[in-house]
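Right, one structure below, let's go through it.
The values are calculated or read from the model by the stated rules, or taken from the named source; none is laboratory data. For clarity, every value in this text was computed on a predicted model and none was experimentally measured. Don't worry about glycine lacking a Cβ; one is built from the backbone with ideal geometry, like all the others, and counts go over all protein chains shown. Note: areas computed on protein heavy atoms with side chains; ligands, DNA, RNA excluded. Shrake-Rupley method; radii C 1.70, N 1.55, O 1.52, S 1.80 Å.
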Amino acid sequence: MAVTGRIDGTPSDVWNEEVLAPQFAHEAAHLLPHYVAVERALLREYLRMGLVDAPGAAALDARLGSLDADAIRADPRRNMSDISFALEHHVQSGPTPPFAAWHVDRSRNDAQVCAQLMAARTDFAAVAADLLDLGRAVTALAARHTTTPMPGYTHGQAAQIITPGYHLAALAAETCGTLRRMLHTYDETDACPLGSGAMAGQELPWDRDLLAAHLGFARPQPHALVGVASRTWTSAMASDLAGHAAVLSRFTTDLMTWGGSGFGFLDLPDDLAGISAAMPQKRNFPVLERIRGRCAQVVGRSADLTAGQRNTPYSNTVEVSKETGIHLHTQTTAMRSLLRLTHTVVGGLTYRTDRMRAACADDHLGGFTLANRLTLDCGIPWRTAQIIAGRYVRRAVDQGLRADRPDADLLRACAAESGHAAEPAGTLLAESFDIDRGLRAKRSAGSAHPDRVAELLADEERELGRLDTEWARRAARRTAAARRLDTPVTVGENA
């Protein structure tokens, strides 16, 4: 197929099999509707500029509307295994030949990036919808566990009393933050590149504002070279997804740890559990390992998208647009999969409250509270109070004393060594190491106190609702544009 007269041959078998045909298959499966939308938008511009009459435009529009993945295939001789040429051949082989000016003043460069960006917007918005659903599932589970004590850990050691609701509220907060960043990224990249041409713009009076509106963009990309050369939008989208995948990986690590036999704080239903072929006593949770593994895939694809652009010329290149750009679809697919798995885990997760409470009782998690009380109630300087509290805990552990069975005389002796009195010692210990009192001892905004967690969850639910509304507005603009564009050109229309 001679396209410009510079090349008369067809792609070699190796070139076709290793590069062109796989690329064609990917674009036919994921980009074809967007390529068709681009063609229909440009056709309306040809009609507006008077380069085709209404009957001719209507005939071509109908032919474009009939195109689907079954109607085209990679063919080195017929279309050079290029989806743009395949689309062109489909129209040319229809009952009505195209008008002479069809595809005049056009380039594949801006059409390709426009189709890619449209597909990426759709995938990105689908991830946002999945995140909104996950955020609501997380807040619902958290609300049921705002008063359920469990140990919180720092440096792998039990540190202070928290609740599953407090832990999950942090995940909900991270989810809201990701959705806000994604919304900003969406708006920053919601600029239509169509009309940029090959790199320097076009020669006909294309209405780029109208082209952008036809395709559901907020505005045209103002700089033609940015339109075809930049793939900052891919790395920006990928970075948002990778950031949240890293967060999910960390939360999943907590679930893996707490679900292990060493803790036994949580459980998953049988349909999310696995077995050992060799050890019949085992009940594994491989779904958590799968989630964490897919988090790594999402993070890795973000690095691939950035690395693939490094040291390339700032122009349209297939190295960036196709060879590297395909990683974004791979990433969003992995992200949606891990979000679906995570949502299922959250829906099936149960906490073993007895084991968590027992773990709180095993450790002297009220040491921080005891130091505060020694200062505030007994007037002992803070650093000295910390020493006394630490001394008491160390000796209590050495003597095998549980936190819920304090020794008032031991506290008096520890305080006396530093020249202070700790009275009433029994009350100080009982109130400092009481599990439920310890949970409510933290009063500041954003703390683990059940009332503060309830406030956090209420704020997060409101924010999820607001973000849902904002994302719905963007979706409505895309849907309305697609509906308008899907309205066939009528014979009665004027240029």
Structure-based [θ]222 nm, the chain - -39500 (n - 2.57) summed over DSSP H runs of at least 4, per residue, nearest 500:
-20000 deg cm²/dmol
Expected field for Phe217, accessible surface area in Å² at 1.4 Å probe radius, rounded to 10, holds 10 Å²
Using a 1.4 Å probe on the protein heavy atoms only, what accessible surface does His34 show? Give it in Å² to the nearest 10.
40 Å²
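By how many nm would the segment from Asp436 to Ala246 grow when fully extended, if each residue of separation counts as 0.36 nm and the alpha-carbon distance is taken off?
Numbers: separation 190, 0.36 × 190 = 68.40 nm, distance 3.26 nm.
Result for the pair: 65.1 nm of gain on full extension.
At a Förster distance of 22 Å, what's the computed FRET efficiency of Ala454 paired with Arg405, Cβ-Cβ distance as r, to 0.05? If you can, show how the numbers build up before the last one.
Values: r = 32 Å, r/R0 = 1.45.
Approximately 0.10, to the nearest 0.05.
What full-extension length gain, to one decimal in nm, is calculated for Arg180 and Asn284 as 0.36 nm per residue of separation minus the Cα-Cα distance? Please list the in-between numbers first.
Working: separation 104, 0.36 × 104 = 37.44 nm, distance 3.55 nm.
My answer for the length gained is 33.9 nm.
Pairs of Cα atoms under 8 Å, at least six residues apart: use those to get the relative contact order of the chain, whole percent.
Numbers: 683 pairs, mean separation 96.1, N = 495.
That works out to 19 percent.
For the stretch 303-458, just run the numbers: alpha carbon Rg, then divide by 2.2 N^0.38 Å, N being how many residues it has. Kindly include the intermediate steps, with their values, before the conclusion.
Values: Rg = 26.6 Å, N = 156, 2.2 N^0.38 = 15.0 Å.
So the Cα radius of gyration is 1.77 times the expected 2.2 N^0.38 Å.
Considering only DSSP states other than H, G, I, E and B, which trypsin sites (Lys or Arg not before Pro) in the stretch 51-89 qualify as loop sites with at most 16 other Cβ atoms within 10 Å? Before the final figure, lay out each step's value.
Numbers: sites: Arg63, Arg73, Arg77, Arg78; in loops: Arg73, Arg77, Arg78.
Those that pass, being in a loop and sparsely packed, are Arg73, Arg77, Arg78.
If you put +1 on each Lys and Arg Cβ and -1 on each Asp and Glu Cβ, how big is the dipole of the stretch 365-411 around its Cα centre, in Debye rounded to 20?
Roughly 140 debye, rounded to the nearest 20.
Can you give the FRET efficiency for Asp271 and Ala413, using 1/(1 + (r/R0)^6), R0 = 56 Å, r = Cβ-Cβ distance, to the nearest 0.05?
Numbers: r = 55 Å, r/R0 = 0.99.
Once the sixth-power term is evaluated, E becomes 0.50.
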Once both labels are modelled 7 Å past Cα along the beta-carbon direction, what's the Gln92-Thr154 spacing in nm?
7.1 nm
In nm, what is the difference between 0.36 nm times the number of residues separating Thr350 and Thr10 and their Cα-Cα distance?
116.3 nm
Quick one: accessible surface of Ser239, probe radius 1.4 Å, all protein chains present, in square angstrom to the nearest 10.
70 Å²
Please find the FRET efficiency linking Ala62 to Ala303, where r is the Cβ-Cβ separation and R0 is fixed at 30 Å, and quote it to the nearest 0.05.
0.10
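Please report, in cubic angstrom per residue, the volume enclosed by the convex hull of the alpha-carbon atoms of the chain.
On the way: hull volume 96.5 nm³, N = 495.
Enclosed volume per residue, from the Cα hull, is 195 Å³.
Once you keep just the Cα pairs under 8 angstrom separated by 6 or more residues, what percentage relative contact order results for the stretch 362-480? Could you put the intermediate results ahead of the total?
Numbers: 103 pairs, mean separation 26.3, N = 119.
Once normalised by length, the contact order is 22 percent.
How many percent of DSSP beta bridges within the chain run antiparallel, rounded to 5? Write out the running numbers ahead of the final one.
Details: 8 of 10 bridges.
Of all bridge pairs located within the chain, approximately 80 percent are antiparallel.
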Paramagnetic label zone (point 7 Å from Cα along Cα-to-C-beta, Arg462; backbone N under 18 Å) in the stretch 137-166:
139-140, 143
With an 8 Å Cα cut-off and a minimum separation of 6 or more residues, compute the relative contact order for the stretch 205-288 in percent.
14 percent
Given labels modelled 7 Å from the Cα in the Cβ direction, how far is it in nm from Thr232 to Thr122?
2.6 nm
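Suppose we look only past 21 Å in the calculated P(r) of the stretch 137-236. What percent of the Cα-Cα pairs does that tail hold?
Values: 2817 of 4950 pairs.
More than 21 Å apart: 57 percent of the Cα pairs in the stretch 137-236.
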